[in-house]
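Undergrad: After the structure tokens below, expect a handful of questions from me.
The values are calculated or read from the model by the stated rules, or taken from the named source; none is laboratory data. No experiment lies behind these values; they were computed from the predicted model shown. Please note: Cβ atoms are built from the backbone with ideal geometry, for glycine as well, and neighbour counts cover all protein chains shown. Only protein heavy atoms, including side chains, enter the accessible area calculation; ligands, DNA and RNA are left aside. Shrake-Rupley method; radii C 1.70, N 1.55, O 1.52, S 1.80 Å.
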Amino acid sequence: MAIAQYSEFLECVTETDQRKHCLELAKEAGLDVAAVTKTVVENIRKRDADDFSHHDLALDSGTSEEDLRKIDVIDWLVFDPSQRAEALKQSNAIMRKFLGSKKHEAAKEVFAKIPEDSMREIYKQWEAQGMDIPLPAEDQNAIREHLCIRAYLEAHEAFNEWFKHMNSPPQKPTLSSQAKFTETVAHEMKEKEYELDCRNWKGRLEALTDDVRDRIYNVLLFVDGGWMVDVREDAEADPERSHQMTLLRRLCLPMMAFLLHSVLHSTEQHQECLRLADIVSSEQQKLYQVFSKEELRKFLRKLRESSLLLLDKDLDPLGYEIQS
């Protein structure tokens, strides 16, 4: 009862120094500080009406005031290094809901709250207890989920950067038909600058294309069983978490495949588009299982477009030279 009441009181405390002081008072009063901070976070985290929404290429959803509270509340769990495993689990839960409702910016802010040394700290805390057995399954799965979310956020950010650059090429200078001699000379100089800008723009585009391709493949080909799939099956059952992870695979993985096809198609890497088909249809990853029938039809239509463009280049439908 005391933990529940004190946790409810702490929900209104927002200043860092005040929070630390309140935790010191809780410790002096003999309260379980770890239980208090966990309860504060869960109280705010579970005030949630957002549903998982279908991930098309539409704009991200905005961050609400309630979202900002969920982002901020994670700070309660990073004061004490011994709570890093709990911080990962709670932040993962918040980010799952944010990703499920297309609130990528909010998810990034939550991710940034977790100190970079958290995984190392979790192992350190475990070893400090004299444990020479593997981490608890729940902690190991939380670490893996954290890495899955990081890979996804990095891929999403890389695509946004690519898209912004792709759609802001240098503008070709124009010359009026009644231009004077001095204007013509100035125009010639602008054209040379334009040609240099184009070379720089194309070089940057190639680098961004390589980066976004690699980062999306990191998600689609996530190691040891796939993206948002637990590596340890002996963890305590958590049906809500398992359901959310399955939904995220169905929502996010097809979108990643479509984004990658868009990148490759726009940069005329049509043969690489068809390699993407091999990855989606692979029995090793079984990515085709997370596509709906309509998504598969849409994906096949896009592959058909790529094959037709290869045929226009006098190549076979898979992008190889036609043997005479």
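Undergrad: Against the longest alpha carbon principal axis of the chain, how many degrees, from 0 to 90 and to the nearest 10, is the axis of helix 270-281 turned?
TA: Once rounded, the angle reads 30 degrees.
Undergrad: Could you tell me how many degrees, from 0 to 90 and to the nearest 10, lie between the Cα long axis of helix 239-266 and the main elongation axis, the longest principal axis, of the Cα atoms of the chain?
TA: Approximately 20 degrees, to the nearest 10.
Undergrad: Another question, if that's okay. Using the crude model of +1 on Lys and Arg Cβ and -1 on Asp and Glu Cβ, and no other charge, please compute the dipole size for region 173-309 relative to its Cα centre, in debye to 20.
TA: Charge dipole, region 173-309, about its Cα centre: 560 debye, nearest 20.
Undergrad: For region 41-176, what is the relative contact order in percent, using Cα pairs closer than 8 Å and at least 6 residues apart in sequence?
TA: 25
Undergrad: Using only alpha carbon pairs under 8 Å that are at least six residues apart, calculate the relative contact order of the chain and give it in whole percent. Let's see the in-between values first.
TA: Values: 305 pairs, mean separation 44.5, N = 324.
In percent, rounded to a whole number, it is 14.
Undergrad: Taking only protein heavy atoms and a 1.4 Å probe, what accessible area per residue, in Å², does the chain have with all protein chains in place?
TA: Accessible surface, normalised per residue, equals 57 Å².
Undergrad: For the pair Ala2/Asp238, report the inter-label distance in nm, with labels modelled 7 Å from Cα in the Cβ direction.
TA: Taking the simple label geometry, Ala2 and Asp238 are separated by 2.8 nm.
Undergrad: Turning to a different aspect of this structure: Report, in debye and to the nearest 20, how large the dipole of the chain comes out about its Cα centre when Lys and Arg carry +1 and Asp and Glu carry -1 on their Cβ.
TA: Details: 44 positive and 61 negative charges, 171 e Å.
Rounded to the nearest 20 debye, it is 820 debye.
Undergrad: Among (1) 42, 27, 15; (2) 37, 28, 22; (3) 47, 27, 17, which is the computed semi-axes √(5λ) of the Cα gyration tensor in Å?
TA: (3)
Undergrad: What's the ranking of 177-189, 291-303 by average number of surrounding C-beta atoms within 10 Å, highest first? Write down the numbers at each step before the final one.
TA: Working: 177-189: 10.2, 291-303: 13.8.
Ranking the peptides 177-189, 291-303 by packing returns 291-303, 177-189.
Undergrad: How far is helix 181-220 tilted off the main Cα axis of the chain, in degrees rounded to 10, range 0 to 90?
TA: 50
Undergrad: Which whole-angstrom value gives the distance between the alpha carbon centres of region 236-298 and region 1-49?
TA: Using only Cα atoms, the two centres lie 40 Å from each other.
Undergrad: Suppose we look only past 18 Å in the calculated P(r) of region 1-124. What percent of the Cα-Cα pairs does that tail hold?
TA: Tail fraction, whole percent: 53.
Undergrad: Once you charge only the Cβ atoms, +1 for Lys and Arg and -1 for Asp and Glu, what is the size of the charge dipole of region 68-193 about its Cα centre, to the nearest 20 debye?
TA: 600
Undergrad: Using 0.36 nm per residue of separation minus the Cα-Cα distance, give me the extension gain between Glu116 and Asp80 in nm, one decimal.
TA: Separation in residues times 0.36 nm, less the Cα-Cα distance, equals 11.5 nm.
Undergrad: Among Ile122, Gln271, Ala26, pick out the residue whose Cα is farthest towards the positive end of the charge dipole of the chain, where Lys and Arg carry +1 and Asp and Glu carry -1 on C-beta, about the Cα centre.
TA: My answer, from the dipole projection, is Gln271.
Undergrad: So if we plug the beta-carbon distance of Leu175 and Leu308 into 1/(1 + (r/R0)^6) with R0 = 41 Å, what FRET efficiency do we get, rounded to 0.05?
TA: 0.60
Undergrad: Roughly what would the spin-label model give for Val13 and Arg275, points 7 Å off Cα along C-beta, in nm?
TA: If labels sit at Val13 and Arg275, their model points lie 5.4 nm apart.
Undergrad: Would you mind estimating how fast region 229-279 diffuses translationally, via Stokes-Einstein at 25 °C and 0.890 mPa s with the Kirkwood radius over Cα pairs, in µm²/s?
TA: The diffusion coefficient I find is 187 µm²/s.
Undergrad: Between Ala34 and Asn167, what length comes free when the chain is fully extended (0.36 nm per residue of separation minus the Cα-Cα distance, one decimal in nm)?
TA: Gain in length upon complete extension: 43.0 nm.
Undergrad: In whole percent, and with a 1.4 Å probe on the protein chains, what portion of the accessible area of region 66-203 is carbon and sulfur?
TA: 53
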